[in-house]
Amino acid sequence: MRLGDHQPSRVLLNATVALAAAAQQRDPYLINLVFAAVPGREIYRRAGLRVATPAELEQPIEDRSLRLLTDEERRDVAYHRPGRLGDLLFNWFD
């Protein structure tokens with residue numbers, strides 16, 4: 001979707017944990033997205049989703065973030081080494 005600033009945004013959904021977020025691509029030559037504020041966030045909340053903020057998603061991954069993952073998921077994290085919590089939550093690393 002494009003908003004008033006004409007910057008394309010993507011709404012991300014992690015249905016397993018009922019989490020919504022948004023991201024924007026700042027550089028068309030890089031695959032890394034920048035997490036952004038979710039437009040119309042109240043709509044997602046009414047649908048029962050938690051809406052993540054960019055600050056939450058930009059946090060580095062800590063051991064406590066990995067506790068609920070399966071062994072296979074932890075191996076994926078160890079192999080791909082996602083840098084941000086948002087990368088982990090939205091599988092933006094493989």
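Local charge sum around Ala23 (other residues, Cβ-Cβ under 12 Å, Lys/Arg +1, Asp/Glu -1)? Taking every Cβ under 12 Å from that of Ala23, the sum is +1.
Considering only protein heavy atoms and a 1.4 Å probe, what is the carbon-and-sulfur percentage of the accessible area of segment 27-94? Reported share for carbon and sulfur atoms: 54 percent. Largest GNM mean-square fluctuation among Leu68, Leu57, Leu12, using the chain with Cα springs under 10 Å: Leu68.
Considering the values [x] 3, 13, 22, 23, 19, 12, 6, 2, 0; [y] 3, 13, 25, 28, 17, 6, 4, 2, 2, 0; [z] 3, 15, 22, 21, 16, 11, 8, 4, 1, 0, which represents P(r) over Cα pairs in 5 Å bins from 0, in percent as calculated for the structure under consideration? The listed entry that was calculated here is [x]. The residues of the chain expose, per residue, 70 Å² of accessible area to a 1.4 Å probe. Annotation for segment 28-93: GluC sites (Glu not before Pro) lying in DSSP loop with at most 15 further Cβ atoms inside 10 Å of their Cβ are Glu58, Glu62.
In a DSSP loop and with at most 14 other Cβ atoms within 10 Å, the trypsin sites (Lys or Arg not before Pro) in segment 41-83 are Arg67.
The values are calculated or read from the model by the stated rules, or taken from the named source; none is laboratory data. Everything numeric here is computed off the predicted structure, so don't read it as measured data. Methodologically, a virtual Cβ is constructed for each residue, glycine included, from the backbone with ideal geometry; neighbour enumeration extends over all protein chains shown. Only protein heavy atoms, including side chains, enter the accessible area calculation; ligands, DNA and RNA are left aside. Shrake-Rupley method; radii C 1.70, N 1.55, O 1.52, S 1.80 Å.
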